[in-house]
Amino acid sequence: MSTIAAVSTPNAVGGIAVIRISGEKAINTAEAIFRPYGGKTVADMAGYTCAYGVAHDGDEIIDDCILTVFRAPHSYTGEDTCEISCHGGLYVSKRILRAALKYGAVNAEAGEFTKRAFLNGKLDLTQAEAVMDIISARGEAELRMAEQLREGATYKKVRKCSDRLLKILSGIAAWTDYPDEDIPEIEPSVIETELSGIRDELFSLIRSYDSGRILREGVATAIVGRPNVGKSTLFNCLSGCERSIVTDIAGTTRDVVEETVRLGDIVLRLSDTAGIHRTDDRIEGIGIDIAQKTAENAELVIAVFDGNCPLTADDFNLIKSIKNKKCIAVINKSDQQQVIESDALKEFFIQIVYISAKNGDGIEQLESAVKQIFEISPESFSVVSAANERQKLCIERAISSVDEGIEIIRSSEMYDALNVVLDDAEQALLELTGEKITDSVVDEVFSRFCVGK
Ligand code: GDP
Ligand code: MG
């Protein structure tokens, strides 16, 4: 395999930049472009040691650097790897990379270091995906879930199911392939019970997929309501800054204003929208159309009402337009006298929260309401679950094959047919862990990584 090199730190000015080189010729390449001070040679350096020295390209001195050497197989990729830490200038790191490319390395593709770690058996595919999740984690919950995945929690659970399936498969094979031997027939009811157990175990991996995804990716949330109910004030209150313009003039917000905010443990990808009502103003009308589309596409709609006024026809039209969505009714302006008919709202909303967006009252109740809607509990953070669509689809495929297997064993006891469907289930699980997978799927997984990882 070729020797690859890339700048592993962001393409920005910083304290330090790291150039990573991995492959058979990594040591030779580093030897050609790095000279340790004090007469050491790179070739003599043991794994897990570093040296202070100078990076150069022939006679041209580039920068004072630290070289760290990892010897195969004790490195991230499993290959010989050298990491050169230089000053974090935009040019310096690129210049050292160019020298590495001149002396034996080729440019690494996106995710290629991790791909090699996978191909060399350092990680299974779920762990490799976890590396990407760790990099993109924006908060505690995401990081905790990704760490769990990286430690192999999903892999271990899937592996167990796969072993149980293999046991059934080999039992059937022994019995059907050697009919003359005295191998006892496996009781169909025993197989059925075992398959149900495997099914439950697999299902537990996708049951909390949605709440896990919400914790990882956040909820696309639209704040909607008629003009002047306090949508923008709520938006600003949640985002902690004066991002959206607030006035007492109806029709102030016309465009969608977006911000990613944290509400306790949950990330909301929040959109503030134009007040929805009947209007003859063409520009405002466009804003209202966009508001309606934003609500349609959102995973969560926060419908804001003014506690200070009775419900209006515009309020009821809005309620009608969002009746199929996951919704929370927010009755705003709790700091003022309440005249709204909140009992009428109870007919339409399961979650009703009273807030004052102006002084921040009731925001905790809003957080609880969001958690209830998405069934997020303290356990959601630690439950072992499929981490992405790819993993979820593999598990769903395995479950549907196991279900077919249960059907076959119940109705016909046709072991050949059972063999085929359980083998399909096994294949789906092997694909999930990456033990049996096509090159194109591997390429697809790693193409989502960044260069240098
Ligand atoms: P939007 O049209 O729904 O975006 O409403 P705004 O956020 O622009 O607010 C409309 C008016 O209501 C402004 O004058 C706000 O100061 C006022 N307002 C918003 N939230 C509250 C609140 O919780 N209490 C009180 N008393 N006034 C509020
Ligand atoms: Mg507004």
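The values are calculated or read from the model by the stated rules, or taken from the named source; none is laboratory data. Computed from a predicted structure; not experimentally measured. Don't worry about glycine lacking a Cβ; one is built from the backbone with ideal geometry, like all the others, and counts go over all protein chains shown.
For the reader, a short list of remarks on this structure follows.
- Residue that is surrounded by the most Cβ atoms within 10 Å (Cβ to Cβ), among those in the stretch 264-297 that are at pLDDT 90 or above and farther than 21 Å from Lys320 by Cα: Leu270
- Scanning the stretch 90-137 for residues that are among the basic types (Lys, Arg) and closer than 17 Å to Lys453 by Cβ yields Lys115, Arg116, Lys122.
- Strands (runs of 3 or more DSSP E) (entirely within the stretch 190-283) containing at least 1 residues that are away from ligand 2 (no atom under 12 Å from the Cβ) and among the basic types (Lys, Arg): 257-263, 266-272
- Asp200 vs. criteria surrounded by fewer than 17 Cβ atoms within 10 Å (Cβ to Cβ), of a type outside the set (A, V, I, L, M) and either touching a helix residue (DSSP H, G or I) at 6+ places or on another chain (Cβ under 9 Å) or within 30 Å of Ala428 (Cβ to Cβ) (or both): yes
- The set of residues from the stretch 193-248 being modelled with pLDDT under 90 and near ligand 1 (Cβ under 8 Å from one of its atoms) comprises Ser244, Ile245, Val246, Thr247, Asp248.
- Of the residues making up the stretch 175-189, those that are assigned to a helix (DSSP H, G or I) and surrounded by fewer than 13 Cβ atoms within 10 Å (Cβ to Cβ) are Asp177, Ser189.
- Of all residues in the stretch 337-354, none satisfies being within 16 Å of ligand 2 (Cβ to nearest atom) and over 33 Å from the mean Cα position of the chain (by Cα).
- Matching helices (runs of 4 or more DSSP H) fully within the stretch 368-453 where at least 2 residues are hydroxyl-bearing (Ser, Thr, Tyr) and crowded, with 18+ Cβ neighbours inside 10 Å: 415-433
- Yes/no for Asp335 being within 19 Å of Cys237 (Cα to Cα), in contact (Cβ under 8 Å) with a residue 60 or more places away in the chain and of a type in the set (Asp, Glu): no
- Residues that are surrounded by fewer than 19 Cβ atoms within 10 Å (Cβ to Cβ) and either closer than 22 Å to Leu263 by Cβ or among the aliphatic types (A, V, I, L, M) (or both), drawn from the stretch 298-318: Leu311, Ala313
- Tally, over the stretch 332-353, of residues that are touching a strand residue (DSSP E or B) at 6+ places or on another chain (Cβ under 7 Å), within 9 Å of Gly307 (Cβ to Cβ) and more than 10 Å from ligand 1 (Cβ to nearest atom): 2
- Scanning the stretch 98-122 for residues that are more than 32 Å from the chain's Cα centre (by Cα) and not in a loop (DSSP other than H, G, I, E, B) yields a count of 5.
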